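Contents: one structure, followed by commentary.
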Amino acid sequence: MDSRMMGFDSPLFSALQHMLDATDDSDKSVSAPTRTYVRDAKAMAATPADVKEYPNSYTFIVDMPGLKSGDIKVQVEDDNVLVISGERKREEEKEGVKYVKMERRVGKFMRKFALPENSNTDKISAVCQDGVLTVTVEKLPPPEPKKPKTIEVKIA
């Protein structure tokens with residue numbers, strides 16, 4: 001996959017932004033994505049993650065360099081959607097200092113993951129260490145196999 005497809009300057013995001021800017025407010029019948037949708041799509045594209053499955057859990061790993069735990073939010077929506085979100089803020093500018101180059105990403109970030117049916121949403125933990133967020137979702141135990149029901153045969 002071309003790495004430019006996932007950046008803010010990708011053709012997809014440019015097209016979505018153009019659609020938003022070109023939408024005529026007087027014609028509400030045009031179905032165009034909202035600004036919130038475009039913002040969320042950019043935030044999701046800018047937040048890569050790794051997902052691992054272990055015998056007893058699922059693990060979601062997201063790089064979060066320079067963020068404090070208060071800048072990161074981990075939630076479960078609709079009983080089966082894991083949402084990792086937050087905001088990376090720009091450093092306060094000091095008098096007499098100017099940026100020569102600014103490449104680190106700032107702003108909101110978000111990722112949503114549909115959790116498998118065997119996820120135990122009551123057993124989720126999140127740890128951020130050395131700039132890496134690890135969210136662990138435990139699996140529910142497998143259901144007990146049903147034993148066959150024996151029916152007594154009566155003699156008439």
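Only the coordinates and a few stated rules stand behind these numbers; no lab work does. All values derive from a computational prediction rather than experimental measurement. Note that each Cβ is placed from the backbone with ideal geometry, even for glycine, and that neighbours are counted across all protein chains shown.
Here the spin labels are modelled as points 7 Å beyond Cα on the Cα-Cβ line, and at Val83 and Lys123 they lie 2.5 nm apart. Remark: for residue pairs Lys108/Lys139; Lys112/Lys149; Lys112/Lys147, the C-alpha separation exceeds 32 Å in Lys112/Lys149; Lys112/Lys147. Quotient of the Cα radius of gyration of segment 98-138 and 2.2 N^0.38 Å, N being its number of residues: 1.78.
Viscosity 1.306 mPa s, temperature 10 °C: give me the Stokes-Einstein translational D for segment 40-156 in µm²/s, with Rh taken as the Kirkwood radius over C-alpha pairs. Let's see the in-between values first.
Working: Rh = 17.3 Å.
D, rounded to a whole number, is 92 µm²/s.
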